[in-house]
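Structure record follows, encoded as structure tokens.
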Amino acid sequence: MTDVRERGVGYVPALAHKDPRSGFVALQQRLRHARVFHDHLADFMAAQCEAEEAYIKHLQKAAKRFGDPAHIPIEYRPVYACLVDQFGQLAQLHTVFARQLQRQHDMLHTAPAHGAWSALARHDEGMAPSIRELQSLESHLAKDQRKLEQKRTPAAQSKLDATQEALRRAQAAWQSRAPIALQAYEAADLERLTMLRDAAIHLAKDQSELARGLYDMARTTAQAAKAFDPRADMARFVGVQHAPHGIALPSEYMDASHRSPAAPAAIETPPAPHAPSQELPPAPQAPPQAMPQEVPSAPPSAPRASHLSFLPPDDAAEMTRIREQLRQHARPSSSRRREFRASSYDVSEHAHHPIVSPIIGSPFTSPMTEAWHEPAAPTVPEREAAPAPVPIDVGVYERIHAVWRHGLLDQVRVVGEVRVAAPRPVRAVLRLAGDAGAQIHAAAGVTCTAPHVYELDVGDDMCALEYEVPLDHGDQVVPLLLQTQWRCEAQQSLVLVTHRPNPAVPPAVTAALQDVSFRISLPSDAHVTGGVMSEPIGDWDPATHTLSWHAHALEGRSAVRFPLATQGSPQDVHASWRLPAYTMSPLDVHVEAAGTPLAVAPIQRLTLAGRYQVVS
């Protein structure tokens, strides 16, 4: 009833002073017709639900007819598995849709028994005697007027006056009690009309969720079909050995076969069982040149005490969040790599993983390597081993802040950090090249020996440098361009968000963008009167007045509608994304040895969206 007064529909002033038969009775007739239409719409939902249930039964029967055929090509099995799985996925999607239809049917069918509609019966019982009394007095008044016209006697005039006085009292009583009943009818009418609108909106939303599930299922099948190589199946048929193809591993998990080795890899050969040590040749063969030892590249660990003194607190908090995210993508530990080496002697099963010769004196030394370094005889001096290079991992992680104002890119800056890790303490030199205007902050224990040259003791994962780079030509760096168009009306606000890859950035970089999503927050005092709608469908949080959604492609448009009680105003649109294996600032990092030889792994890179938004 509060919403009714705010919107000011006006059933009370429009019908309270009218004849009950022309106002209240007509309103009662309207609600009776509404009950009939609610049942009709509920039957419509039930019919769709029955169709969905019949389709689900056919899918379940069809799934039993198709199993794993004997004549399927081996390489085609993943594709066929996706096709067969579609029966179960379709059944699950349509089962959810059927449940939503059944819920809508139950809500529409039982609407007259709930809410404001259910209270109308009590008001009808209270107003029925007044209506009958008014109708009876109006009938008696008409008869008394006819009698007075036939016989103009004092008795007839007195009876007419008494009837008119009783009618005036009844009308006064009606006008005093009618507003309460009319308000109840007004609230019930608004409630049932809103229910009709919401039923159509929920049906459209459920259909869009079903369409999204079908799209995801089709995309999975298409990816499996694209991965199918007909020539690979032909090669398998004729017995040609070829490296198995599969999903490419992320850069964080690349093994030694993808790195540039310092020397050709040699396959380790285990010593023959029960071979006595005296059978070794008197002059042992020199071992092959040792390869740099692989060390898992640790992601950023817990945040250190060092931080950018020139950054605001929100940037420091955001950098901590980036470290926590990167920790989830940690590379395999040393123990797992030792297990891998222990199980990799069968070259036929691991042909695509060449075994690298272990480092002399390392904990990964194989039995054959130990045999190579046994003393041949007491009279032969022991061979002095050269110091093995210490593996070191380097990670560069950046966050881009980009702000659009009035349709133009206003400011762009990059905040980043350089992290290093080594299995044991070692001295190293970090040399930065690129933008001389960058603001660089060295962590505790890092010494600046020359401009953009830093020396430090590398140990367990540590943040060595933090930097900020303001960019004058930001339109050449941001990977994703944004544009918004707002239209604020009296009872709703509409926004169109356009996003596309930046043509000034190499296509290989923009194609690597992942997890593109958007977020819009309304003011806390904004009164949302209905369901928030968006395409693509998003998640609306009424507690925080925030709508968030994911983009289906790097280039596209998103439309959002906010139903509001009063006219709103344009709001900021925030974007977020991930860009693995790339950094966008002109700074580059080079690691050099400061005494002990180093084996530097390929630099890990990651860029995230920071304050990436369109300001209204």
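Of all the residues in the stretch 411-430, those that are within 20 Å of P479 (Cα to Cα) and not charged (D, E, K, R) number 5.
Just to be sure before I move on: is P542 surrounded by fewer than 16 Cβ atoms within 10 Å (Cβ to Cβ), under 30 Å from V418 (Cβ atoms) and either of a type in the set (V, I, T) or outside the structural domain of R427 (by the TED database) (or both) in the structure I sent? So P542 fails the test.
Looking at the stretch 397-405, is at least one residue modelled with pLDDT under 90, surrounded by 16 or more Cβ atoms within 10 Å (Cβ to Cβ) and of a type in the set (A, V, I, L, M, F, W, C)? The answer is no, given that none of the residues of the stretch 397-405 is modelled with pLDDT under 90, surrounded by 16 or more Cβ atoms within 10 Å (Cβ to Cβ) and of a type in the set (A, V, I, L, M, F, W, C).
The residues listed here are Q145, Q92, Q135, Q100; of these, the one that is crowded, with 19+ Cβ neighbours inside 10 Å and in a helix (DSSP H, G or I) is Q100. Taking the conditions (1) touching a Leu at 6+ places or on another chain (Cβ under 8 Å); (2) crowded, with 18+ Cβ neighbours inside 10 Å in turn, Q604 satisfies each one other than (1).
From the list V615, V600, the lone residue that is touching a strand residue (DSSP E or B) at 6+ places or on another chain (Cβ under 9 Å), among the aliphatic types (A, V, I, L, M) and over 25 Å from A490 (Cβ atoms) is V600.
Here the stretch 417-452 is the region considered, the condition is being among the hydrophobic types (A, V, I, L, M, F, W, C) and assigned to a loop (DSSP other than H, G, I, E, B), and the residue that is farthest from Y582 (Cα to Cα) is A444. Of all the residues in the stretch 384-395, those that are touching a residue at least 60 places away in the same chain (Cβ under 8 Å) and out of contact with any strand residue (DSSP E or B) (no Cβ under 9 Å at 6 or more places or on another chain) number 1.
Contact map, the stretch 396-418: first residue under 29 Å from V600 (Cα atoms) and not assigned by the TED database to the domain that holds R578, second residue of a type in the set (F, W, Y) and surrounded by 17 or more Cβ atoms within 10 Å (Cβ to Cβ), Cβ cut-off under 7 Å, separation 6 or more or different chains; pairs are I400/Y612; G416/Y397; G416/Y467; E417/Y397.
The set of residues in the stretch 57-86 being surrounded by fewer than 17 Cβ atoms within 10 Å (Cβ to Cβ), more than 29 Å from R236 (Cβ to Cβ) and either touching a Ser or Thr at 6+ places or on another chain (Cβ under 8 Å) or of a type in the set (A, V, I, L, M, F, W, C) (or both) consists of A62 alone. Annotation: of all residues in the stretch 189-228 being under 18 Å from the mean Cα position of the chain (by Cα) and among the small types (G, A, S), the one that is nearest to Y76 (Cα to Cα) is G213. Annotation: V497 fulfils all but one of (1) closer than 12 Å to A559 by Cα; (2) more than 18 Å from the chain's Cα centre (by Cα); the unmet one is (2). Just one of (1) at pLDDT below 90; (2) over 30 Å from V429 (Cβ atoms) fails for L471. It is (2). Here is a check on your reading of the model: is A187 assigned by the TED database to the domain that holds F24 and surrounded by 15 or more Cβ atoms within 10 Å (Cβ to Cβ)? So A187 passes the test. Residues of the stretch 477-511 that are in a strand (DSSP E or B) and loosely packed, with under 13 Cβ neighbours inside 10 Å: R487 alone.
The values are calculated or read from the model by the stated rules, or taken from the named source; none is laboratory data. Since this is a predicted model, take the numbers as computed values, not measurements. Positions of Cβ are backbone-derived with ideal geometry, glycine not excepted, and every protein chain shown enters the neighbour counts.
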